[in-house]
Every structure is written in structure tokens, then in C-alpha cells.
Amino acid sequence: MPQGIWAEVLIVGAAAVAGTVIFSQRVHLDAKPRAKGQAQTTPSGVRIIPYEELQKHTTRESCWIMVKDQIFDVTDFLDLHPGGAAVILKNAGQDATKIYESIHSAGFFETLLKPEQHLGVVDPATLPQVEAVQTEDEIRVEQARKNIPNINLMINLNDIEEEAHSVLSKIGWSYYRSTADTGSAFDSNIAAFSRYWFRPRVLRPVRDIDMSTTILGIPSTMPIFVSPAAMAKLGHPLGEINITRGAAACGIIQGISSNASCTVDEIADARQPGQPLIFQLYVNKDHKITEDTLRKIDKLGFKGIMLTVDAPVLGKRELDMKARGLPVIRGTNNSGAQGTALRAGVANSLGGYFDANLKWDDLAWIRSITSLPIVIKGVQCVEDVELALEYGCAGVLLSNHGGRQLDYAPASIDVLYELRQRRPDILDGKKLEVYCDGGFRRGTDVLKALCLGATAVGFGRPFLFANGAYGEEGVRKVIEILEEEIATSMRLLGVTKLSELKPEMVTRMA
Ligand code: HEM
Ligand SMILES: Cc1cc2nc3c(=O)[nH]c(=O)nc-3n(C[C@H](O)[C@H](O)[C@H](O)COP(=O)(O)O)c2cc1C
């Protein structure tokens, strides 16, 4: 093999969101001498571009970026970027590898850009000498990761959250932990559980426990699932894939966010045979993009759709905003209107593409594209459970988005309690499945919701924190801890299977 500089070159096949083939091959960059005036190319015809050329393209009219030696023209992608145009423009005309890879999968180039947007490879001889300097936060994280305690010392989910706080980057922690406005909805999610107390039964044989169940008809070893949450790569380079593997190892169902930091193809590839995944959908302002996405996830074998309806715009997540360093003035706010609102933070950049005019009747449009069962995620009152039933939904996820959307939106356990009081027929007749999430951290929290009639409970942050602190092992640890807590509490409650959990086993304190 000749000596020289080799680069991994991506030759992108067919285009766009619906997903494509990507071919990867190694080419010899200094193979061809350049004739005067002639563009230099690799033997396979890929253009070799001087770094100075890249540096000229830094505007909305012509925006190029470089990731891992590859140069892309992202001008037409700027307004489609879920993270907003501004952050790409900030990195335009430069090597964005480090910043890109810290939160994105390389696969997005394959699925989101057209072949002609891959312009070529950088000429390595023209690369500027840059000295890598660690930021203060990177130094802190590196040190904290060296000192992280053994995972076996983690006794409960709060212990894992504490470790995540010390090892995550400031931006990662702030995005995950952020809540809306005063944080009251978030606090109340946790506090609400102390209003519900058990009325246990005794002298019942409880040695053998079975906590298996079904969710949308899909078997699950336990009555819990992974609530879909964005940007798992902010915690760990493998991102959502760790959660997929952990969920497979323990036999629970994972919801995949529309804003996952791995592509759906990568997540689908990481599945064990037959492993069920549910896709969380944010409807795009451009309905054609949503239609392509739905067709794609159908084809990939996803088992259901969670349509998130509590986020026509994103809540004001202040910790996240502050972590980015204010003020950052964006050209548009996340409802798309022109303005000078301060919209800093990972969260605020993610919501720009949401369709704020989505309505119940749009369910018919979604159904015309996919026959997958639809769960409405983000229902916050009994009247909307009734509407979901009327519109033929397979389930509702009672949720205030982990206290990240409307502040003072009710805790899901309180909505469930009200549903139990007002419409026991919906819960007992299994007219549609009812799930809850938000603030669940203990096996007892799960059992309270199950007694009141929920089918299963979702966990959001606990999986992000565990993935950030301990990767896949952390994900498994969360599930193991919950399994143990649920089993112990079932025995202490006097039940051996989930069907024995009844509303009269829980009482609400004033
Ligand atoms: C080929 C496709 C993509 C390119 C070239 C791209 C590029 C970039 C770049 C250069 C940044 C700036 C990072 C920084 O300065 O911190 C960024 C940030 C970001 N991207 Fe992407 N991205 C792509 C796809 C996506 C996708 C599919 C998502 C949705 C999951 C996404 C979500 C984000 C978010 C949330 C941020 C952070 C925004 C902020 O800090 O305010 N990107 N992206
Ligand atoms: C960092 C983070 C990102 C999230 N991203 C999404 C998302 O992309 N789509 C969605 O429907 N819900 C999202 N959620 C909400 C979760 O699905 C879930 O409702 C919430 O996390 C439950 O509360 P918990 O974190 O207290 O368990 C996110 C939550 C967090 C914390």
C-alpha cells in the first residue's frame, strides 16, 4: 500500500429524510498532481478542497462546514436544522468536528443531506495548525469521570442523578435537568407522591412475584418504559444506543425521541431481534417531512407512535438558557415569528420546526399514512383523555413533559386520580391504555399509579442521567433498581401480580 495521507470519504447515495445508503471508502489524498487551473481530485473523483476555500463560505447565502475532513454545503439545510440556523452559521467555514460530534451522529449527513451537498474532502496540507485547548468545564468533567464511584454503590435513582451532576458537561446537565419557569411543575411532580399513601393487605402469600405486563399488546417484563427524551449524546458518545441495548437486556420498551441524537436507522440497527421500539413524533410545520418520517419508522418496524401534544412551542427552560451564556439574540423565536427574544439553550433551538397549529382532526391525516397505534403524549386533564378516546387513540400518556413545558401543569398522578374519580369506566373498561410519567423515581411511585389504573409508567431523566454517568450499564442499573423496589413493595402491599393492584389500596391525603 503506498504511503500517504488517507481519509475516510463519504459518497452519499440517494437523498433526503426518508433515508439512504452511504458508501464509505478510503482514498489517497495526495495521489494526483494538480495541473494549473484544474481542481484537484482523489482517484475516485472526490474533490479536494483547500481549507482557505472552506473559510470563504460563512453566510446564509453560502454556508459550508467541515466535519472529519469532509466538507458539506449546508446552505439549504440551515432552515431545516432542528438546532436552528444560528448555531451552524457560528461554525461555518471551519472545522466543526469536535462540536458536531459531541451531540450528533455522523449518520445525519447520510439521512438529511443530498449527495450534491457533500462537496469533497479538505486538502490536509492546507489545514491550519491548531492547538487543542481544553476548556475549564472539560477539565472538570475529565477529573470527575476519573473519580466516579463504582456503579454497585448506587442504591437508588437519586444516587445516579447525583453522579450524573458531577460528570456531565455543564451544557448536558443543564439541558437534562432544566425545568420551565419557576420549576413548580417539576417540583410538584416529585412532591405529589407524598399525597398518596398505601392501604396494604397482610397475611397473603407473597413469595413469588410476577410483574410482567403488556403495553399496546407488546410484552414487557415490567410495568415501566423509557419515556422518549432528546439528545442522549449530550451525556455519552453512544447516545440513545446505550438505552436501546439496556432496554433490550432487561426486556422493557423504549420510546425514541424525534430529536434523538442518533439516527433512527442507527437505533433500529442496535435493536435485538424482535425488540420493540415506539417512535415519539413532533409534527413538523412541513407536513411532507412528517409523512416521510412516519413511512420510514413504519418500514423500520417501530411498534407504535407517541404523538407529543404538550409542546406547540417549547417551555422557557432557564437553566438551559443560562448554561449557554446569555444574551443570545436569535432572528426568530421558536414559534417562527420574527423577534428579538432571548432563545438560548439546546432546548429552545430544538423546537423551531414544530407545527404549533396541530389539532385533534389531524389524527385522521396521521392515520392516512400509518396504521401504527397512536398514543397521545402530554395529556393533562380528564377532558382530553375523553377526546383521545373519542378519536380512537390506543392510549394516553398523562404527562407534563417532566415539568419542562407549562409551569404549574398538574402532576400526572393527580390527573390520574381525577380520572379515577370521574371516569373509572375508562380505566376499568380498558377503553384505552393510560400511562403516566414525570417525577417517578421509586418503585412505590410506580405502584401508586398502577393501583389507580395506569398500565405502565415512563421514566425520562433517570435514563439520561444513568446513560451519562455509566453508559449502558447505568441504564440496566436503573431498571434493576426499579425492579427490586417494585418487587419489594408489591410483597409489602400483599400482592403477587399487577392485576391484584386496586384503587382501594391507595388513599389520597388532603
Ligand atoms: C447534517 C445535519 C446536521 C448538521 C450539519 C448540524 C450541525 C450543527 C452544528 C455545527 C451545531 C453547533 C454546535 C455548537 O456550536 O454547540 C449544531 C447544534 C445543534 N444541533 Fe445540529 N446538525 C445537524 C443535524 C441535527 C439534527 C438532526 C438535530 C436534532 C436532533 C440537531 C440538533 C442540534 C441541537 C439541539 C444543537 C444545539 C443547539 C444550541 O446549542 O442552541 N442537529 N448542529
Ligand atoms: C432532557 C429531556 C429531553 C426530552 N425530550 C423529549 C422529546 O424529545 N420528546 C418528548 O415527547 N418528550 C421529551 N421529554 C419528556 C419526557 O418524555 C418525559 O415526559 C419526562 O422526562 C418525564 O419526566 P421525568 O424526567 O421526571 O421522568 C424530554 C425530557 C427531558 C428531561
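The values are calculated or read from the model by the stated rules, or taken from the named source; none is laboratory data. Remember, predicted model here, so these are calculated numbers, not experimental data. Please note: Cβ atoms are built from the backbone with ideal geometry, for glycine as well, and neighbour counts cover all protein chains shown.
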Exercise for the section: Could you please tell me which pairs satisfy a Cβ distance under 7 Å, a separation of 6+ or placement on different chains, a first residue in region 397-412 that is in contact (Cβ under 8 Å) with a residue 40 or more places away in the chain and within 14 Å of residue 439 (Cβ to Cβ), and a second residue that is within 16 Å of ligand 1 (Cβ to nearest atom) and charged (D, E, K, R)? Expected result: 404/317
Problem - So residue 155, is it touching a helix residue (DSSP H, G or I) at 6+ places or on another chain (Cβ under 7 Å) and either among the charged types (D, E, K, R) or touching a residue at least 12 places away in the same chain (Cβ under 8 Å) (or both) - result: no
Completion exercise
Within region 474-505, the count of residues that are outside any helix (DSSP H, G or I) and buried (at least 20 other Cβ atoms within 10 Å of the Cβ) comes to 2
Exercise for the section: Give region 292-327 a look and list any residue that's part of a strand (DSSP E or B) and away from ligand 1 (no atom under 15 Å from the Cβ), or say none. Expected result: 304, 305, 306, 307
Exercise for the section: Could you tell me whether residue 471 is surrounded by fewer than 24 Cβ atoms within 10 Å (Cβ to Cβ) and in contact with a Ser or Thr (Cβ under 8 Å, 6 or more places away or on another chain)? Expected result: no
Fill in the blank from the handout: Pairing a residue in region 103-127 that is buried (at least 21 other Cβ atoms within 10 Å of the Cβ) with any residue that is of a type in the set (Asp, Glu), where Cβ atoms lie under 6 Å and the two sit 6 or more apart in sequence or on different chains, gives 105/266; 121/69; 122/69
Fill in the blank from the handout: Per the filter on region 80-108, residues polar (S, T, N, Q) and within 16 Å of ligand 2 (Cβ to nearest atom) are 102, 105
Handout entry: Close pairs (8 angstrom Cβ cut-off, 6 or more residues apart or separate chains): free of Cβ contacts under 8 Å to residues at least 12 places away in the same chain in region 475-498, in a helix (DSSP H, G or I) and of a type in the set (Ser, Thr, Tyr) anywhere
Key = none
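So which strands (runs of 3 or more DSSP E) stay within region 213-274 end to end and still have 1 or more residues that are more than 16 Å from ligand 2 (Cβ to nearest atom), at positive phi and in contact with a helix residue (DSSP H, G or I) (Cβ under 8 Å, 6 or more places away or on another chain)?
On the way: elements: 213-215, 218-220, 224-226, 253-256.
In region 213-274, no matching strands (runs of 3 or more DSSP E) lie anywhere.
Which of the strands (runs of 3 or more DSSP E) contained wholly in region 1-105 include at least 1 residues that are at pLDDT 90 or above? It would help to see each step written out before you state the result.
On the way: elements: 6-12, 22-28, 64-67, 70-73.
Correct list: 64-67, 70-73.
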Problem - Subset of region 444-465 [among the hydroxyl-bearing types (Ser, Thr, Tyr) and part of a loop (DSSP other than H, G, I, E, B)] - result: 455
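Of the residues 177, 140, which is within 13 Å of ligand 2 (Cβ to nearest atom), of a type in the set (D, E, K, R) and out of contact with any strand residue (DSSP E or B) (no Cβ under 8 Å at 6 or more places or on another chain)? I'd like the intermediate steps shown before the answer.
Details: 140 fails: within 13 Å of ligand 2 (Cβ to nearest atom).
So the residue among 177, 140 that is within 13 Å of ligand 2 (Cβ to nearest atom), of a type in the set (D, E, K, R) and out of contact with any strand residue (DSSP E or B) (no Cβ under 8 Å at 6 or more places or on another chain) is 177.
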Completion exercise
Exactly one of 468, 439, 453 is among the small types (Gly, Ala, Ser) and under 20 Å from residue 199 (Cβ atoms), and that one is 453
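To keep it simple, each residue is scored yes or no on (1) modelled with pLDDT under 90; (2) in contact with an Asp or Glu (Cβ under 8 Å, 6 or more places away or on another chain); (3) buried (at least 18 other Cβ atoms within 10 Å of the Cβ).
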position	(1), (2), (3)
284	no, yes, yes
298	no, no, no
301	no, no, no
305	no, no, yes
311	no, no, yes
315	no, yes, yes
324	yes, no, yes
336	yes, no, no
366	no, no, yes
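Restricting attention to region 142-169, which residues are in a helix (DSSP H, G or I) and surrounded by 18 or more Cβ atoms within 10 Å (Cβ to Cβ)? First the steps, then the outcome.
As a first pass, look at region 142-169 and keep what is in a helix (DSSP H, G or I): 142-146, 151-153, 157-167.
Listed by number, the residues that qualify are 157, 160, 161, 163, 164, 167.
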Practice task
Name every residue in region 93-104 that is more than 17 Å from the chain's Cα centre (by Cα) and more than 8 Å from ligand 1 (Cβ to nearest atom), in order of residue number.
Solution key: 93, 94, 95, 97, 98
Practice task
Inspect all residues belonging to region 216-228 and state whether any of them is within 16 Å of ligand 1 (Cβ to nearest atom), under 17 Å from residue 270 (Cα atoms), under 20 Å from the mean Cα position of the chain (by Cα) and not basic (Lys, Arg).
Solution key: yes
Problem - Among the candidates 110, 116, residue that is within 13 Å of ligand 1 (Cβ to nearest atom), in a helix (DSSP H, G or I) and closer than 25 Å to residue 41 by Cα - result: 110
